[in-house]
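Each remark here refers to the structure printed beneath this line.
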Amino acid sequence: MNFFYSISSLYLMLFIPALIINGIAVWVCIHLHSTSTFIVYLKNLVAADLLLTLTIPLKATNYMHFAPLTLKAFSCRYSDVIFYLCMNMSILLLALISLDRFFKIVKPCGRLLGQKLVFGKVMCAFFWVGLLASEVIPTIILTNQYLNNSSNNSCMEMKSLAGRNLHQVVVVINNTIFWVVCVLIFFCYICLARQVFQSYRKSGSRNYKGMHKTKVRVFLVLAVFLVCFVPYHALRIPYTLLQVKKESTCTKSTLRISKEITLWISTTNVCLDPLIYFFLCKSFRSTLFKTIHLSSGTCIWIHRRTSDPNTGSRAKEDSDSLLPSNIVHETV
């Protein structure tokens, strides 16, 4: 019981900074024009992160044994479903962002279908509607049993037999999609890094500090993705196979504890995503500074010019200009 109080406390500690950071991100996005597919994906990711953040208090409360059964039932049937919807949507959007960077930097010749605004908006709408229709609505409908004081107050107790079967299928499908996305993101950023470093060598630049910052920015999204989501998804299928069974075992209890810890780690992504926007997207950063009436030189350690020893020229070390001039883009 003390473990679940600790998990509840961790969620509550995460909620306040997540709400502030994502609130600021939403405010910036309101003032940010959708001029590229990247911005379209960014805005949808901000929306998913904010919506997930709003479900955190109910999720934290659900871990406390003294929480009213009606509140736990509401959390199981609605709030938790929205929580997983937003987490899965974030994963899909990170895949789209990675593909967008791949097309714009590794394959910069011509304007491909994947770089058109209409394509970006259609893909986002398709994923939102697809997840709602295939997972959210059926799960809500089939979570139709009642909790009672004699039950263990598990959300699985509220699912009908069809709901349990659906839950198992959804978890397997989501995990399959996740690992495909994981390989895709890894491939995109490895190709991106290779292209960037080759361009530095061809340009003859000796701006080693710029190259170091490029390495960090290229692998930042990949690192956040792997740290936040891989541990949880590695445990999800074995835990679910035991979760749908009503009997309790030591293995099931151990897996549940591990699952809850890794799920909280996944939730920390709502605080890390806005930092990625800030460091990797010049438009987001510029709009933020303009909104809070700060000059663009406020964070000079992020946005400054340094001399290239080879050329004597000034090269902006920003996310859209760490690359040689032949592949300059909005973000890395």
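Rule-based calculations on the coordinates, nothing more; no lab input. Because the structure is predicted, anything quoted here is derived from the model rather than measured. Neighbour counts run over all protein chains shown; Cβ positions are idealised from the backbone, glycine included.
A compact table of results
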| item | result |
| --- | --- |
| For region 32-84, radius of gyration divided by Kirkwood radius, i.e. Rg to Rh on alpha-carbons | 1.22 |
| Highest average packing first - 256-269, 60-73, Cβ atoms within 10 Å | 256-269, 60-73 |
| Relative contact order computed over region 128-191 (Cα-Cα under 8 Å; 6+ residues apart), in percent | 25 |
| Full-stretch length increase - Y78, W179 - with 0.36 nm per residue and alpha-carbon distance subtracted | 33.7 nm |
| Set of region 32-60 residues, backbone N closer than 16 Å to the point 7 Å along the Cα-Cβ line of S9 | 60 |
